[in-house]
Amino acid sequence: MAGSLEGIKVLDLSRVLAGPFCSMLLADLGAEIIKVEQPGVGDDARAFSPFIGSESAYFMSLNRGKKSVTLDLKDDKDKEIFWELVKRVDVIIENYRPGTMEKLGLSYDKIADVNPRIIYTAVSGFGHTGPYSQLPAYDMIVQAMGGIMSITGEKDRPPVRVGTSIGDITAALFATVGILAAINSRHTTGKGQMVDVAMLDSQIAILENAIVRYETSSKIPEPLGTRHPSIVPFQAFPTKDYYVIISVGNENIWSKFCQVMGLGKYYDDSRFKTNKDRVDNVIKLEEIISSVTITKTSQEWLEILREVGIPVATINTIDKVVKDPQVLARNMIIELEHPIGGKMKIPGNPIKMSLTPPVIDTPAPLLGEHNSWLLNEFLKKE
């Protein structure tokens, strides 16, 4: 069955994480991805550990479903091939520092002159405008500058990086949304456009309620550990063997929670009557609940609280995640066989579609694996 983006051709000039994650999602949805890499070197991520044999598993996990061709964009002959590709593709993705493509003579304006329908997607640290546009950036830089590190971790402890490269990945997701919106717009206008996505902008966009909390109270949000700033109780509580996550998201759940935990006398307590009251008195309520949760194991609380419909979870380590029955039932752990790396398990695609579901059946390419295909098949097509 054809994918949702069947017929869409993408020229992917990106490397490492943000751009490749975006193009990987498009590949899952049926787009044809032509990944352009530096001859002899390839995407920087090909040098990142861990390795399976001679191949980077890091690279493999981000580049499934793509074709790899090698072009030196500083070489005149390879530039000719690039311009031929521009005429035939729908989307270009690059994550160079702003100005790099212009120095190569490959600016958006020149590309749009050759193919006015092209959707040119630029993912960068700070975007193509503003005083920081020329600064270098990595995930950790934008996590720091975007405020997310200031509200992550435990109070009065050193700053903590979010455990995944959320600066890169959120930019990739917003770039994907921008590309899909531009494709839809092209249906009516007949014209492509530039999609400019900044990692820093993307971090600001996912701060949830931190900015409105500051704007309404003038209090600077701080790290709260697992505690939620606006909903209580909504955090990790200690158990006999570790911690359990309990999320009491409304008054109906609060009522059931008090009953099952033997805390009925606190249900009408003026300190905890409403969610606002509970937020104001969170430290005292945390002490009360912890004195109960510590009496049983995490698994015991999981069974007790799920029985009455209270949102609860144990804290899974990655070895448990990859074996979780719900994760497996949703095909979120898949296995691909790489010609050198062999069988490898990687995350699936979370987008489930009834008619044109994502398809993941092709491993990451070897460097330059599709050079012959590009010259002898793709460029010879009308």
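Within segment 174-199, the set of residues being among the aliphatic types (A, V, I, L, M) and in contact (Cβ under 8 Å) with a residue 24 or more places away in the chain comprises 175, 179, 182, 183, 194, 195, 197, 198, 199. Residue-level check: of (1) exposed (fewer than 14 other Cβ atoms within 10 Å of the Cβ); (2) over 23 Å from residue 83 (Cβ atoms); (3) not basic (Lys, Arg), residue 375 misses just (2).
Checking each residue in segment 328-372 for being at positive phi, among the small types (Gly, Ala, Ser) and in a loop (DSSP other than H, G, I, E, B) picks out only 368.
Take residue 295 and tell me if it is touching a residue at least 12 places away in the same chain (Cβ under 8 Å) and over 31 Å from the mean Cα position of the chain (by Cα). Spelling it out, residue 295 is indeed touching a residue at least 12 places away in the same chain (Cβ under 8 Å) and over 31 Å from the mean Cα position of the chain (by Cα).
Within segment 16-32, the set of residues being in a loop (DSSP other than H, G, I, E, B) and either of a type in the set (Asp, Glu) or within 15 Å of the chain's Cα centre (by Cα) (or both) comprises 16, 17. With a requirement of 3 or more residues that are in contact (Cβ under 8 Å) with a residue 60 or more places away in the chain and of a type outside the set (Phe, Trp, Tyr), the helices (runs of 4 or more DSSP H) lying completely within segment 78-148 that satisfy it span 139-145.
Can you tell which of 158, 229, 223 is over 30 Å from residue 251 (Cα atoms) and part of a loop (DSSP other than H, G, I, E, B)? Unique residue meeting the criteria: 158.
The criterion of being aliphatic (A, V, I, L, M), more than 24 Å from residue 10 (Cα to Cα) and buried (at least 18 other Cβ atoms within 10 Å of the Cβ) holds for residue 148.
Could you say whether any residue in segment 33-50 is part of a helix (DSSP H, G or I), in contact with a Ser or Thr (Cβ under 7 Å, 6 or more places away or on another chain) and surrounded by fewer than 20 Cβ atoms within 10 Å (Cβ to Cβ)? Yes, the conditions are met somewhere in segment 33-50. Pairing residues of segment 6-17 that are surrounded by 19 or more Cβ atoms within 10 Å (Cβ to Cβ) with residues that are part of a loop (DSSP other than H, G, I, E, B) and of a type in the set (D, E, K, R), at Cβ distances under 8 Å and at least 6 apart in sequence or on separate chains, gives 8/90; 10/90; 15/43; 16/43.
Residue 302 passes every criterion in (1) touching a residue at least 12 places away in the same chain (Cβ under 8 Å); (2) surrounded by 17 or more Cβ atoms within 10 Å (Cβ to Cβ); (3) more than 15 Å from residue 228 (Cβ to Cβ); (4) in contact with a Lys or Arg (Cβ under 9 Å, 6 or more places away or on another chain) apart from (4). Every residue in segment 152-172 that is closer than 27 Å to residue 134 by Cα and crowded, with 17+ Cβ neighbours inside 10 Å, please. Hits for segment 152-172 are 165, 166, 167, 168, 169, 170, 171, 172.
Read-outs: derived from the displayed coordinates by stated rules, not from any lab. This structure is a prediction, so every number in the text was calculated from the model and none was measured. Neighbour counts run over all protein chains shown; Cβ positions are idealised from the backbone, glycine included.
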